[in-house]
Amino acid sequence: MKIEFAPLNIPLARRLQTAAVLQWVVTFLLLVQVCVGIFVILIIYNYWFLYIPYLTWLYFDWRTPEQGGRRSNWIRNWPVWKYFKDYFPIHLMKTWDLDPSHNYLFGFHPHGIFAAGAFGNFCSAYSDFKDLFPGFTVYLHVLQCWFCCPLFREYFMSNGAVSVSKESLSYVLSQEGGGNISVIVLGGAKEALDAHPGKLTLVIRPRKGFIKIALTHGAHLVPVFSFGENDLFKQINNPEGSWLRTVQEKLQKIMGFSLPLFHARGIFQYSFGFIPYRKPIHTVVGRPIPVQQTLHPTPEQIEELHQTYMEELRKLFEEHKGKYGIPEHETLIFK
């Protein structure tokens, strides 16, 4: 394999952008293990005056990720997030005005490998979210397992991430007065295994829990499509039925998250590594679907709204795909 090295005269801003993305990748690949390791060392060497107070506090704080989290504007305003956004770069587009007197549930597609568009747009003060949607507070809902890791959970919550559990969604969407937006990356871990460049496969047909929650709380649904999300990494070929895909799916069922075997570029060369490619991400927020509150929705009502959501998502994609280099004959595949 021929290695393409990075030029030496790269501007400082681009170097800082690469560093920002590197720390983001390292955060999700290594920081969890580092935090667990630190905590284990504290226990092994009996630093009880550190770990016992933390465990006591953790016991009483355990449900915070399901009660709106604990965001920190200081951390959300770190300059590193500006460089992270500008690396790709990440853009947020609005197609419709939203009413701050209502609560909304955004369905984010596709998952990609790391859902960089979701994090960059909804977990940082440097996105265009506040300018486009004034009067709203946004919550990115992620797997509960991220909040089971000591120390790391505090860092992740500070960015505005909360649990994707039913209790967490209900807490956000039941707030009176409106002005709250819950964002769910609906395809989840299973969809990450289909995150290949140019591929448009979405895991959406079995995902109906968010529909029931929207109906229960009267939260309006909004489809969101992030063009370019699947182009950030290459993934080892894993077609359905292959031994690799079978192993990945079994591990995903056991652990709750998937293990896609991905690669992209490195720090000093562009041929191999785990830093995402510099590919623009355009996250388009679609038209809201009005939802009438129904405390006890029937299966028929859930199915009808689910079909409406999929139709609106497909319309959003078809209306905007030409702007972002997707051929006219390409379309979404729902599975």
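The values are calculated or read from the model by the stated rules, or taken from the named source; none is laboratory data. Computed from a prediction, not measured in an experiment: that's the story for all the values here. Note that we place each Cβ from the backbone using ideal geometry, even for glycine, and neighbour counts take in every protein chain shown. The area values use the complete protein model at the heavy-atom level, side chains included, leaving out ligands, DNA and RNA. Shrake-Rupley method; radii C 1.70, N 1.55, O 1.52, S 1.80 Å.
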At 1.4 Å probe size, with every protein chain present, just tell me what the per residue accessible area of the chain comes to in Å².
-> 49 Å²
Cα to Cα, under 12 Å, and not fewer than 8 places away if on the same chain: which aspartates and glutamates meet these conditions relative to K82?
-> D128
Q292-Q23 FRET efficiency (beta carbon distance; Förster radius 35 Å; 0.05 resolution) | 0.20
Just flag the trypsin sites (Lys or Arg not before Pro) in the stretch 214-307 sitting in loop per DSSP whose Cβ has no more than 13 other Cβ atoms within 10 Å.
-> none
Distance in nm between K253 and Y54 label points, each 7 Å along Cα→Cβ, equals 3.6 nm
Can you list the residues, at least 5 places off or on another chain, whose amide H is less than 5 Å from the amide H of S226, using H built in the peptide plane?
-> H109, V284
Positive-end extreme of charge dipole, the chain - chosen from Y83, A19, G69 (charges on Cβ) | A19
Measure out, as a whole number of angstrom, how far apart the alpha-carbon centroids of the stretch 256-335 and the stretch 157-199 sit.
-> 13 Å
Over the stretch 142-299, with every protein chain in place, what whole percent of the accessible area is carbon and sulfur at 1.4 Å, could you tell me?
-> 61 percent
Filtering chymotrypsin sites (Phe, Trp or Tyr not before Pro) in the stretch 17-89 by DSSP loop and by at most 15 other Cβ atoms within 10 Å leaves Y45, Y47, W62
Would you list which aspartates and glutamates come within 16 Å of K250, measuring only between C-alpha atoms, while excluding same-chain residues fewer than 8 positions from it?
-> E191, D194, E240
Which of the aspartates and glutamates could a cross-linker bridge to K212, judged by Cα under 12 Å and excluding same-chain residues fewer than eight apart?
-> E300, E303, E304
From the cross-link list K166/K279; K85/K315; K94/K166; K166/K199; K85/K208; K85/K130, which pairs have alpha carbons spaced over 23 Å apart?
-> K166/K279; K85/K315; K94/K166; K166/K199; K85/K208
Can you pull the percent of the stretch 58-115's accessible area that's carbon plus sulfur, 1.4 Å probe, other chains left in place?
-> 56 percent
Over the chain, what is the relative contact order in whole percent, taking alpha-carbon pairs under 8 Å and six or more residues apart?
-> 23 percent
Report the charge-dipole magnitude of the chain in Debye, nearest 20, computed about the Cα centre from +1 at each Lys and Arg Cβ and -1 at each Asp and Glu Cβ.
-> 840 debye
With 0.36 nm assigned to each residue of separation and the Cα-Cα distance removed, Q301 to D61 gains 82.7 nm
